[in-house]
1. Can you find, among A148, L125, V194, the residue sitting farthest towards the positive end of the charge dipole of the chain, where Lys and Arg contribute +1 and Asp and Glu -1 at Cβ?
2. For the chain, find the longest principal axis of its Cα atoms and tell me its angle to the long axis of helix 15-27, 0 to 90°, nearest 10.
3. Pairs K127/K243; K212/K243; K105/K212; K26/K99; K74/K203; K127/K239: which are spaced more than 24 Å apart, C-alpha to C-alpha?
4. Principal axis extents for region 181-242, Cα atoms only, whole Å, descending order, please.
5. Given N137, L66, S54, which one lies farthest toward the positive end of the charge dipole of region 2-166, if we put +1 on the Cβ of every Lys and Arg and -1 on the Cβ of every Asp and Glu?
6. Towards the positive end of the charge dipole of region 181-242, with charges on Cβ (+1 Lys, Arg; -1 Asp, Glu), say which of H205, W240, H228 has the farthest Cα.
7. By how many degrees, 0 to 90 and rounded to 10, does the Cα axis of helix 206-220 deviate from the longest principal axis of the chain?
8. Need one number: nm distance between label points at D183 and Y154, each 7 Å from Cα along Cα→Cβ, rounded to one decimal.
Amino acid sequence: MLDNIRIILVETSHTGNMGSTARAMKTMGLSNLYLVNPLVQPDSHSIALSAGASDVIGNAKIVNSLDEALEGCKLVIGTSARSRTLSWPMVAPRECGEKSIEQAKTAPVAIIFGRERIGLTNEELQKCQYHLYIPTNPEYGSLNLAMAVQLVSYEIRMAYLAMDENKPALSEESEVEYPPSEDVERFYVHLESVLNESGFIRKAHPGLIMNKLRRLFTRAHIETQELHILRGILTSVEKWAKK
């Protein structure tokens, strides 16, 4: 189950952070590390700081885009340390751990950590079902990358151990089939195309309506069958428009 959880680092600029992240992961039983377009490649410094977790570094998957790292994932949670103009469903580390373990029973889960200085972009955060915040001291909330990964990894492990102790039957929520990230992104491309063709989207502000629609569908947490229905509706509208 823990193998179904991916820790994703986006455009990491310090190899030491890669090694410290690997150490934080391995101490909590996580091993699936993705590096998205790293500004530097893992080196001997990252191996040294991994402190025995060199296998996590050695097996890390290096990919060119976030979409590549998210392929197949049915739950995506992105870390967000600053407020955004467009509100999004939020979770703290404990709830993040619980949701991750629940979904990891049946499908891959992604936890995304952004760049050391600026975090994740709004576009990247819109690919997530939830934004993760760490409720630090408001007067001093400085956490480095590996510390944040350690906190989240700890909560994932605690949720995993609690589930293992209680051994509950699969909940109704875990039996629901959710679409992978790439299918959701294809739906948004399809939706935007139809809205453009119909004239619904204003050319002066093309992104505004799509941002709000993404937030709406993210809150709904669309199931696979529901996504198929929505794609079918869009296809039907396209056929009707051609007539």
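1. Farthest towards the positive pole: V194.
2. Around 80 degrees separate the two axes.
3. K127/K243; K212/K243; K105/K212; K74/K203; K127/K239
4. Result, largest extent first: 31, 27, 17 Å.
5. Value computed over the given set: N137.
6. Sorting the options by dipole projection puts first H205.
7. Its long axis makes an angle of about 70 degrees.
8. Computed distance between label sites D183 and Y154 equals 3.7 nm.
No lab work stands behind these numbers, since they all come straight from the coordinates. Since the structure is predicted, the reported quantities are computational estimates derived from the model, not experimental observations. Don't worry about glycine lacking a Cβ; one is built from the backbone with ideal geometry, like all the others, and counts go over all protein chains shown.
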